[in-house]
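The values are calculated or read from the model by the stated rules, or taken from the named source; none is laboratory data. Fair warning: this is a prediction, and the values are worked out from it, not measured in the lab. Ideal geometry is used to build each Cβ from the backbone, glycine not excepted, and the neighbour counts take in all protein chains shown.
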Amino acid sequence: MNTSAASSPSPADDSVTVRQSWREVWRSYLEPASLRMFALGFSAGLPLLLVLGTLSFRLREAGIDRATIGYLSWVGLAYGFKWCWAPLVDRLPIPLLTQALGRRRSWLLVSQLAIMGGLVGMALADPRQTLGPVVWCALLVAVASATQDIALDAFRIESADTRHQGVLAATYQTGYRLAMIWAGAGVLWVAAWAEVSPAAAPAAGVIRAAYQQSAWQLAYLVMAASMLLGVLTVLFSREPVRAALPPARNLVEWLRGALVEPFADFLGRYRWQAVLILALIGTYRISDVVMGIMANPFYVDMGYTKDEVASVTKVYGVIMTLAGAFVGGALTVRFGIYRILMLGAALSALTNLLFAWLAGHGHDLTALIAVISADNLSAGIASAAFIAYLSGLTNVQYSATQYALFSSMMLLAPKWLAGFSGVVVDAVGYPVFFNGTALLGLPVLLLVWVSMRKMPLSA
């Protein structure tokens, strides 16, 4: 893989006349840059569930009411507003560390150490006694994790040329999804193994009695130790080739370079096409995100047990997402980004129709496996192509800031709209809701098609 990128790359290269053979495509997954991205993807995926899904399970077992747990999910908003401090990650050096490790690796190391510290704090705090320390440590983990994402996205973009971004995205997603399995199912396995005695039979009045702080403490300490994979990868990696940035003469000039120029650069390069790009970014995953909010309530209402949901959606589903990511990364290298963007958008919308079919089919584990297979495979293909697309939009001089803005915008509108999904389900039922989320994907197909016509991609 090329270790540098053009100073002003376009979204991807769909017009390259020389295509790589399938053997060369698949061999690119074993290159050092891909393997590094696998390990760093693991460190990026680990914190997310530990401050959201897994934490909510732990708090509920500790007897915390559902309303409070819902409010605490707002710590995840750090991921949606990471663009606010992305300019600092792009331009601000860390004393001593930046000189020793480089711009990207220094921020990666600091954020990873902060995540480890926050997880240790969450391990030691007992939510039954006081909730404050748990909340503050969870917020630290979320902010540090979002900061790691900023630096890591820039590290990935600067580590390879545009056409290989699909492969890096696929290996990144592989590590990310495996970490989510470890942080979702693995932490529960460790906590269950560490229990002094088997939990009493579940009943309404024994939630507090079943909670064992020592078991959860060990589980979160194991998760903190798991971040060492990312730390070691950063320490033993080389800093990617960076574009030279002229030194700022004063504070005003520094602020202009850090805050204004990244956005001005994007608007200057794409002009009126920037509106089209931002519309595509803001809506591409809308079908999946809006539908996904109601997925777990749907499983419960359909009578699927916790074991069935965990096994099929959390483990098997992640495996299918990984398979889709690898396929999507290879297809992107082989056929170009726009074609696979279109394929991913179409599959994401169509698979929502399968959930509408499942809603009328009743409790059927085989049917659930089939639907999850199709849905997660399509999600992996769409994500690999979309990440490659976002990577190609950035200028390597401002890669952290610009990519953070793009990745944040990707979720803001869908997340806001998804907040009304429960009201819609109550009003019209699951089948109509799922069909409606599929229709949300039609404007996305139009935007991809217009982009292909109005913004032909070049090298």
**OP:** Answer yes if at least one residue in region 64-72 is among the aromatic types (Phe, Trp, Tyr), surrounded by 15 or more Cβ atoms within 10 Å (Cβ to Cβ) and in a helix (DSSP H, G or I), and no otherwise.
**Re:** no
**OP:** Determine if region 366-374 includes at least one residue that is modelled with pLDDT under 80 and of a type in the set (S, T, N, Q).
**Re:** no
**OP:** Go through region 89-110 residue by residue and tally those that are more than 14 Å from Leu235 (Cβ to Cβ) and in contact with a Ser or Thr (Cβ under 6 Å, 6 or more places away or on another chain).
**Re:** 3
Original post:
Within region 100-114, can one find any residue that is modelled with pLDDT of 90 or more and out of contact with any helix residue (DSSP H, G or I) (no Cβ under 6 Å at 6 or more places or on another chain)?
Top reply: yes
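Just the residues that are part of a loop (DSSP other than H, G, I, E, B) and surrounded by 24 or more Cβ atoms within 10 Å (Cβ to Cβ), please, taken from region 128-159.
Answer for region 128-159, where residues must be part of a loop (DSSP other than H, G, I, E, B) and surrounded by 24 or more Cβ atoms within 10 Å (Cβ to Cβ): just Ser159.
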Original post:
Of everything in region 266-286 that's surrounded by 20 or more Cβ atoms within 10 Å (Cβ to Cβ) and not in a helix (DSSP H, G or I), which residue is modelled with the lowest pLDDT?
Top reply: Arg285
Subject >> Unique residue being modelled with pLDDT under 85, surrounded by fewer than 14 Cβ atoms within 10 Å (Cβ to Cβ) and either assigned by TED's automatic domain parsing to the domain that holds Asp149 or assigned to a loop (DSSP other than H, G, I, E, B) (or both) when the list is Arg208, Arg256, Arg242 >> reply: Arg208
Subject >> Set Ser373, Ser383, Ser391, Ser378: member being over 24 Å from Leu152 (Cα atoms), buried (at least 23 other Cβ atoms within 10 Å of the Cβ) and in the same structural domain as Ala438 (by TED's automatic domain parsing) >> reply: Ser378
Original post:
Out of (1) closer than 12 Å to Glu61 by Cα; (2) of a type outside the set (A, V, I, L, M, F, W, C); (3) at pLDDT below 80, the odd one out for Gln213 is which?
Top reply: (3)
**OP:** Spot the failing condition for Thr313; the list is (1) in contact with a Gly (Cβ under 6 Å, 6 or more places away or on another chain); (2) without any contact (Cβ under 8 Å) to a residue 60 or more places away in the chain; (3) hydroxyl-bearing (Ser, Thr, Tyr), and only one is missed.
**Re:** (1)
Original post:
Taking interchain pairs and intrachain pairs at least six residues apart, which have beta carbon atoms under 6 angstrom, with the first residue in region 276-288 and more than 11 Å from Thr437 (Cβ to Cβ) and the second surrounded by 20 or more Cβ atoms within 10 Å (Cβ to Cβ) and aromatic (Phe, Trp, Tyr)?
Top reply: Ile281/Phe406; Tyr284/Phe386
Original post:
Does Ser237 satisfy being modelled with pLDDT of 80 or more, over 26 Å from Ala191 (Cβ atoms) and of a type in the set (Ser, Thr, Tyr)?
Top reply: yes
Subject >> The lone exception for Ser458 - which of (1) loosely packed, with under 14 Cβ neighbours inside 10 Å; (2) at pLDDT below 90; (3) closer than 30 Å to Met302 by Cα it fails >> reply: (3)
Original post:
Which condition number in (1) in contact (Cβ under 8 Å) with a residue 60 or more places away in the chain; (2) closer than 27 Å to Pro240 by Cα is the one that Ala183 fails?
Top reply: (2)
Original post:
Of the residues Ile115, Ile94, which single one is assigned by TED's automatic domain parsing to the domain that holds Leu140 and buried (at least 21 other Cβ atoms within 10 Å of the Cβ)?
Top reply: Ile115
